[in-house]
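Note sheet for the following structure.
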Amino acid sequence: MRAMRRLLILAVAVAVTAAALACSRTQALERMAPGTDVTIVTRDGNVVRGKLKSVEPETVVLTGERAELRTEVARSTISEVQPTADVPAIRPREIVVPSNTTMNVELETALASNANRVEDVVRARVSAPVMVSGATVIPEGSELLGFVTVAKESAKVKGRAELGVRFDRVRVGSVTYDIRTEPLYYVAPGTKKDDATKVGIGAAAGAVIGAITGGKKGAAIGSAVGAGGGTAVVLATPGDEIRLSSGRRLRVALVDPLTIRVK
């Protein structure tokens with residue numbers, strides 16, 4: 001019994017010490033001025049560098065070379081934080097996910113052209129790991145966050161419903177990165193004479209972007225995609241409205257490269 005008590009006391013002491021250390025490390029952030037170049041190391045091995053934008057109760061927000069792109073780090077996962085100038089010894093390995101990389105994802109949010117509104121939050125999960133040079137950079141199960149860009153009922157677009165989605169964040173472990181993906185734009189079929197050529201888009205590119213990869217046969221009856229910076233267009237399931245159920249498999253493509261650092 002005494003041995004068990006000693007082990008319990010030791011475990012509690014270790015937990016309290018770890019919490020105190022984590023608290024002191026994150027409290028140091030609150031004393032740093034916005035705009036300070038910082039390096040954050042998380043317990044799961046991510047290394048994040050950038051300019052300190054804000055320190056929230058649960059997250060730390062950094063910006064990179066482009067101020068509009070943010071990186072969020074969960075405070076509870078931080079193991080080390082220092083001004084970048086003070087930690088030259090930390091040389092993280094940089095892995096760049098190239099632009100045009102496609103990701104297989106599964107929707108977690110059910111969507112419908114007659115139920116959703118523009119800017120509604122959309123959630124999805126990466127259903128297959130994203131690999132770069134044989135290394136897993138974005139693991140299966142990583143969360144994608146985005147929003148509805150277009151939502152029009154069939155009666156409001158001359159009998160054809162429209163639904164658009166775009167993802168702008170991906171959560172890899174304890175770090176959330178801002179990203180830009182090609183928008184997915186779904187158009188319900190009209191008459192037999194109507195087809196995707198009547199939808200204004202850019203020059204054709206690979207039809208892989210925006211293709212619906214899951215669902216029953218005939219769920220996707222045609223597709224076309226805008227070239228660089230254009231819009232993915234998919235004729236969706238026939239019917240008055242467009243409905244994408246939770247669990248629907250999609251493919252999305254990065255517009256810009258994404259740099260991930262690991263220790």
5 angstrom amide H check on THR39, placed H, neighbours 5+ away: GLN82, THR84
Point-to-point label distance, VAL55-MET131, nm (Cα→Cβ direction, 7 Å offset): 4.2
5 angstrom amide H check on LEU244, placed H, neighbours 5+ away: LEU111, ALA112
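Coordinate-derived values only; no laboratory data. Since the model is a prediction, treat every value here as computed from it, not as a measurement. Cβ: placed from backbone, ideal geometry, glycine included. Neighbour counts: every protein chain shown.
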